[in-house]
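To start, the structure under review is shown below, and the notes come after it.
The values are calculated or read from the model by the stated rules, or taken from the named source; none is laboratory data. Model, not experiment: these values are computed from the prediction. Note that each Cβ is placed from the backbone with ideal geometry, even for glycine, and that neighbours are counted across all protein chains shown.
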Amino acid sequence: MNLSIIIPTWNTAEVTKKCIQTIQKHLKNFSYEIIIIDNGSTDNTVEVLSKIKGLKLIKNKENLGFAKANNQAVKIADGQFLLFLNSDMELIDGSLIQMYQHLQTNSNIGAIGPQFLNIDLTPQSSVFPKQNINNAFKEFWLGQKDKYLKYLPNLSKPSSVWSISGGALMINKDFFKKIGGWNEKYFFYFEDLDLCRSVHQAKKDIVYYPECKVIHRHGFSGAKLASSANQWRRLIPSSIKYHGKIKHYLINLTIWSGQKKSKFLKLFHQS
């Protein structure tokens, strides 16, 4: 078995079904398995997915969160490599196989991820710079782009980056276990930043692979967890866990004050 594709889902029946269908369509003649972890869905997700042949389906009684559900699936994964895939992703071709081969043949790579596309096939940001106060100051006070916020690299070839989105992240299973897997202190958000930090600590590269492209229905997986106006509030507990309380507040003060400064200067120039 080459690859175990792990997809956590929660109340996303039709979207998850579409994700699975695109995998089955584009990965023919390739050795893989699909493991679905349903995190206590209250809609018809389990019923819909149970009708799809060839899946490993884990049915949780409650929502255990992204990290814990993924780690749960790894325990039954037969693949030498793992692809953690959000349920709101869709393959558009077989280029995932080339990304797998690139990871397999380059021992310096700890984790690798594709380019994300919007539904209209325009490019979507999926790479994070190093998250620290210095980079937050550069972006929000000095106006330097791609220093703190998630961004779209201007790259056409596989390249090392600081962090990739956990929405589509491929990794060697033995290495994944060696660095401790997903950190289960996070329920939702910041798990990918934490995992990528562990990859760096293990002296491995994180690679953005734009030659593989996948559609990401951005925000769909977490849309039912909170209203769009309150989504940012869900980031706070995970941010504190990731940065520590002092750094969290210093970074957010830097961002907030920088945004206020930009707004003031804009109004000043308009007057």
Filter pass, residue 200 being modelled with pLDDT of 95 or more and closer than 22 Å to residue 39 by Cα: no
Residue within the stretch 168-177 that is crowded, with 19+ Cβ neighbours inside 10 Å, among the small types (Gly, Ala, Ser) and in contact with an Asp or Glu (Cβ under 8 Å, 6 or more places away or on another chain) present: no
Condition met for residue 38 (within 18 Å of the chain's Cα centre (by Cα), farther than 23 Å from residue 174 by Cα and not hydrophobic (A, V, I, L, M, F, W, C)): yes
Any hit, the stretch 219-228, residues being in a helix (DSSP H, G or I), more than 17 Å from residue 135 (Cβ to Cβ), out of contact with any strand residue (DSSP E or B) (no Cβ under 9 Å at 6 or more places or on another chain) and at pLDDT below 90: yes
Evaluation of residue 96 against (1) without any contact (Cβ under 8 Å) to a residue 60 or more places away in the chain; (2) in contact with a strand residue (DSSP E or B) (Cβ under 6 Å, 6 or more places away or on another chain) (one fails), failing number: (1)
Looking only at the stretch 33-69, and only at residues there that are in contact (Cβ under 8 Å) with a residue 40 or more places away in the chain and in a loop (DSSP other than H, G, I, E, B), the one that is farthest from residue 189 (Cα to Cα): 63
Of all residues making up the stretch 14-39, the number that are crowded, with 16+ Cβ neighbours inside 10 Å and modelled with pLDDT under 95: 0
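So, of the residues in the stretch 1-32 that are polar (S, T, N, Q), out of contact with any Leu (no Cβ under 6 Å at 6 or more places or on another chain) and part of a helix (DSSP H, G or I), which turns out to be nearest to residue 174 (Cα to Cα)? Before the answer, list the steps.
Our first condition is that a residue be polar (S, T, N, Q); within the stretch 1-32, this holds for 2, 4, 9, 11-12, 16, 21-22, 24, 29, 31.
Okay, now just the ones that are also out of contact with any Leu (no Cβ under 6 Å at 6 or more places or on another chain), so 2, 9, 11-12, 16, 21, 24, 29, 31.
If we keep only those that are part of a helix (DSSP H, G or I) as well, we get 16, 21, 24.
Numbers: 16: 27, 21: 28, 24: 25 Å.
Filtering first and then ranking leaves 24.
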Breaking point among (1) crowded, with 17+ Cβ neighbours inside 10 Å; (2) touching a helix residue (DSSP H, G or I) at 6+ places or on another chain (Cβ under 8 Å); (3) not charged (D, E, K, R), for residue 161: (2)
